[in-house]
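Values in this text are rule-based calculations from the coordinates and carry no lab data. Because the structure is predicted, anything quoted here is derived from the model rather than measured. No Cβ is skipped: glycine too gets one built from the backbone with ideal geometry, and neighbour counts run over all protein chains shown.
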Amino acid sequence: MIKLSRINGIPFYLNAELIEQIESSPDTVITLHTGKTVMVANSIQQVIHKVICYKRRIHTQHIRRKSASGCVT
């Protein structure tokens, strides 16, 4: 799960495994495998960074330090 913010600023968690595509129009819109769309206040770059960090966390050992990529693992 990744933490994002809705357009109104309210934080929520999204299952990163369900993301099919991300686009900017100009707001960031995430389309899920289910067909549902979610508008977020985060930029595309922020969402991608969060997804990459999430994937690294679940595929590597948990080390309690900040890595060079900026992800907390």
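Counting 0.36 nm for each residue step from Gln46 to Thr31 and taking away their Cα separation leaves a gain of 3.8 nm. Label positions at His59 and Tyr13, each projected 7 Å from the Cα along the C-beta direction, are separated by 2.2 nm. The residue among Ile10, Pro26, Val38 whose Cα reaches farthest toward the positive pole of the charge dipole of segment 2-59, with charges on the beta-carbon of Lys, Arg, Asp and Glu, is Ile10.
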